[in-house]
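Report on the following structure.
The values are calculated or read from the model by the stated rules, or taken from the named source; none is laboratory data. The structure displayed is predicted, hence computed values, not measured ones. Every residue, glycine as well, gets a Cβ built from its backbone with ideal geometry; the counts of neighbours run over all protein chains shown. Please note that ligands, DNA and RNA were not included when accessible areas were found on the heavy atoms of the full protein model with its side chains. Shrake-Rupley method; radii C 1.70, N 1.55, O 1.52, S 1.80 Å.
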Amino acid sequence: MYCLKVQSACHTCWAAAMVRGSVLVLLIAQRAFGLELLENPGFESPDLSGNWGGWGFNLVSITDDVHGGTHAVKVSGRTQSYQGPGQDVPIQPGGRYAYTSSVKQLNDHPGTLFQTIKITIAYTWADDGKTEYYSIARHPFVQSANGWFNLDGDFTAPVRNTSKAHLYFQGPDPGIDFIVDDASLQTVDEDMSWKAEVDARIQKIRKNNINVQVTHSSSFNPADIEIKIDNKRHLFGFGSVINEDYITSDDYKEYQNFVYTMFNWVTAGSFKWKYNRGTKDKPDYKFATDAVKVLKQRGMKVRGHNMFWGVPGHSPSWVEALNGTMLKTAIAERVKYMTGITKGQLGHWDVNNELLHGQLYEEKTGDAQYSEKIYDMVHKADPVPKLFLNDYEVVAVGAVTDAYVAQAKEFKKANVGLGGLGLQSHFRDYTPPDPTLLKRRLDNLGSVGLPLWITEMDLVHHDENVRADWYDWALRTYFSHPAVEGVIFWGFWDHQMKSPYAALINGYNFFVNAAGQRYFDLVKKEWSTHVAKNLSDGSTFSVNGFHGDYDIVVNYKGKPVMYQEFHLGKADATLNLDISGDGHQVTLPTTIDPFVHVTHAIQVSHNNEHIVGHMSSDANNTDIQCVTRWSAVSDVGDDKPTYAYCERDEVMTGCSGYHQDGEWYRDGEEIEVKNGRVACKAVNGWRSKEGLQAVARCCKTKNIKCTYRGAGPSAKSVDARVETTCLNSEIATGCTAWTWDSEMIGSFPSDNQKGCVASNEGTTVGTWSYAACCAAPKLSCKTLVSTPSSLQKGGKASVACDAGTVLFGCSVRADFGKSAGAYIGGTQAKGEWCTAMNGEDKFTGEQGVLAVATCCSLDGHGGTIIG
């Protein structure tokens, strides 16, 4: 409860709280009837005690500027962006709600065009007491000149018990004052018959009749003629974002086969300004345009994503430093260049991505309608592709649905070439799609009168069967809506997605999980037409088929004697077949079987082998004494390093790194000379949430010397290897690997300890190999390999050296990628082991990570690789 400046005394708060408790009980009891959940929703009671409150700002009831009724509230004196009036609300886990209010901004900040005002619910979880914040309504592009506007949203509450749910206004800059009126929060009844309704709509809007008329010569017996009608490609768009490098690489034939089998549209997502692989003055998008050409040759239609992205941080830094005329010039030059390299190739363009969530170009140019001008420029430069707005929280979440409708209507009114609305459809993790609310939002978005495309759909659940059901609900709802023309997944393969728990396909063996199988069943079976008719039943018949392209095959006595293609659009069509000739068998087009495993050659190189540095020990002990030395924890973030060093009488015989939070977002380890000392350097990755540590293995014995060597990069192909060779009598005692982007299999000693091999995983960059090559009198070593870890993230694999040998090096080998690294545990006196950790869940047909230990002695106990 809050006692505000407008309230006379705190005893008033206490009394109101008693009344409020009674009201809440009544509201919860009546909630099933859709009654109001807010207290004093329209602010008609000037006594705000016990209902609306807040802290650190002024909240007063007013009558001179209202939207409805006789009272509203004015919010002023704010010193933080998160400040605004709010109240606790009786939200139920999994409940379905609609929120609305009217808001008026009273002042602007000089030099800032727009403000954003939003409604947030702070959920405090009953199980752990932590609080999370969910945006339920959001309105950008706010100026005082707008006057009153609606701030609306609908949402499904998380399926998790709360101790408190607090709804409140927030968003505009400190010092921005505003008025609120006509607030309302109501339950929304579930449409219990939604599935029957969507299935009926699908049958009505996605199908038409094919009226088949067959004539044949007298030499053909009708009883031996079979007509097969097979829907091979939908008119409706089913697609996915793709990795352009995978489309043009021979290493990814299985990936390509799934793309061509599962989809008819794709999104090429590497046209972003920051993805330029050239220079500012000489851009290079050849990797994207080459992929588009290949895709079009295979009959695919392509969305370009994206030409501009006005959310701060998503344009090159040199662009974000520009203002006014210079920025306008850079934008105009990019429009000219991008339309020049893509003209005639793309079906859609996402022109300025997520405009509701960032207005960088407007703020920088001082032009509130500058994005409209960008669309007009693109449309005039290339009038062929449909130009799209593309934003999130508009359909999977309803926080900005109304704002998106308003924005789209403004663009449509401006006549700048807007051809469709992109609805990203990123569902919140572990939150099921809600067909009732999805339908409400789609109806609202459809009121604009432009085609709707689901452009970036994904959802997350670790149980693939639950995931299958949730994708089913979303796909049925989208496919059944007359305004929706296509659904594009934001990836389908776990190796290219933000979470493997969103995928349809898992692993390098391309295992189709339950969600993928459900997709196949819907698109290739339930929503696809496959009919075989024998002419003994007559030469005229009708087929009610799904819209799209068809293969027509005429079989005579079981052999194909005729083939042709046919298209069924959004109207009934007639197919005339004239069967003549002598019944000679024809050759049918070949088809792709995506389930056939495709192998590729593994490339091994010795690129750029070089010496990094040297170390020698001045110790006098004749036995081997080793310790493990850990670095400090690195910073979080891409390329953040940390270093581990050996003492001056030691040599570094091995180097590894370890992400203690169990994540695989690590770029690996390098051996380098820093400040005149050889160091084991571990490097964090760009998606890291925690730091990592470097693990140096430091040993000493009389007359031991080590040379540190490196090589790389490997080729960019899958499983490509780069080998670093130890020379003369040196033995590879420790191996490590490093890459730019975390995608690697790891490192391991080559045969007979004569070097180290690092193995690549992806195609973006290669991998580098590093070896500690050591020599001492009578030194011999062997490699021991553990059994695999479990498939689960966090699974560990360990291996210990045999009696009489000492652990010199420890590394991880992850043939299916994504390891959290390796470290040495225990002590030499009590026993040591090399442990590797799995950094991500693996799936059917894959294997966990392996721990690779190099075990050495001074009395001939070395040998070949074991394990």
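Give me the percent relative contact order of region 712-767, please, defined on Cα pairs under 8 angstrom at least 6 residues apart.
Dividing the mean separation by the residue count of region 712-767 yields 48 percent.
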Computed accessible area, Tyr501, all protein chains, 1.4 angstrom probe, square angstrom: 40 Å²
Which whole-number percent is the relative contact order of region 399-542 (Cα, under 8 Å, 6+ apart)? 20 percent
Which semi-axis lengths, in whole Å and largest first, follow from the square roots of five times the eigenvalues of the Cα gyration tensor of region 767-867? 26, 14, 11
Around Phe489, which amide H atoms from residues at least 5 apart in sequence, or from another chain, sit under 5 Å from its own amide H, with H modelled in the peptide plane? Gly239, Ser240, Val241, Met457
What percentage of all Cα-Cα pairs in region 616-673 are separated by more than 14 Å? 61 percent
Tell me the GluC sites (Glu not before Pro) within region 773-867 that lie in a loop according to DSSP and have at most 15 other beta-carbon atoms within 10 Å. none
What list of ³J(HN,Hα) couplings, whole Hz, do you get for region 80-89 from phi and the Karplus terms 6.51, -1.76, 1.60, once you set θ to phi - 60° and write x for glycine and proline? 9, 5, 7, 7, x, x, x, 7, 6, 10
So, with a 1.4 angstrom probe, what is the percent of accessible area on the chain that is carbon and sulfur? 50 percent
If R0 is 45 Å, what FRET efficiency do you get for Val765 and Lys195 from their C-beta distance, rounded to 0.05? 0.45
Over all pairs of different Cα atoms in region 258-326, the reciprocal of the mean inverse distance gives a Kirkwood radius in Å of 13.7 Å
Pairwise FRET efficiency - Asp230 versus Ser729, Cβ, R0 = 51 Å, nearest 0.05: 0.15
Going by average Cβ density within 10 Å per residue, which order do the peptides 381-394, 510-523, 726-739 take, highest to lowest? 726-739, 381-394, 510-523
Note down the magnitude of the dipole of region 381-516 about its Cα centre, charges +1 on Lys and Arg C-beta and -1 on Asp and Glu C-beta and zero elsewhere, to the nearest 20 debye. 420 debye
Additional length obtainable on full extension of the chain from Thr787 to Asp443, 0.36 nm per residue less Cα span: 118.3 nm
Binning at 10 Å from 0, report for region 467-523 what percent of all alpha-carbon pair distances ends up in each bin. 24, 52, 21, 3
Three principal axis extents, largest first, for the C-alpha atoms of region 57-96, in Å? 39, 29, 12
Which aspartates and glutamates have a Cα lying under 20 Å from the Cα of Lys286, excluding residues fewer than 8 positions away in the same chain? Glu244, Asp245, Asp250, Asp251, Glu333, Asp350, Asp382
Directionally averaged shadow of region 573-657, computed from the convex hull of its alpha-carbon atoms, nm²: 17.2 nm²
Could you compute how much accessible surface Val596 exposes when probed at 1.4 Å, giving the result in Å² to the nearest 10? 80 Å²
Quick one: 3J(HN,Hα) in Hz for region 362-367, Karplus 6.51/-1.76/1.60 with θ = phi - 60°, rounded, Gly and Pro as x. 5, 5, 6, 8, x, 10
At q = 0.22, 0.25, 0.26, 0.34 Å⁻¹, what log₁₀ I(q)/I(0) does region 131-172 have when each alpha carbon counts as one equal point scatterer in the Debye sum? -0.88, -1.04, -1.10, -1.50
Per DSSP helix of 4 or more residues, -39500 (n - 2.57); summed, then divided by the residues of the chain. What does that give at 222 nm, rounded to the nearest 500? -5500 deg cm²/dmol
Using only Cα atoms, what is the ratio of the radius of gyration of region 153-258 to 2.2 N^0.38 Å? 2.18
Hz values of 3J(HN,Hα) by residue in region 822-830 - Karplus curve (6.51, -1.76, 1.60), Gly and Pro given as x: 8, 8, 9, x, x, 10, 4, 6, 9
For q = 0.16 Å⁻¹, Debye-computed log10 I/I(0) when each Cα of region 574-718 counts as one equal scatterer: -0.97
To the nearest 10 square angstrom, how much accessible area does Lys164 have with a 1.4 angstrom probe? 100 Å²
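If you build the convex hull over the alpha carbons only and average its shadow over all orientations, what do you get for the chain? Give it in nm² to one decimal.
Numbers: hull surface 179.4 nm².
If I average the Cα hull's projected area over directions, I get 44.8 nm².
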For Gln828 and Gln369, what is the calculated FRET efficiency with R₀ set at 56 Å and r taken between the beta-carbons, to the nearest 0.05? 0.20
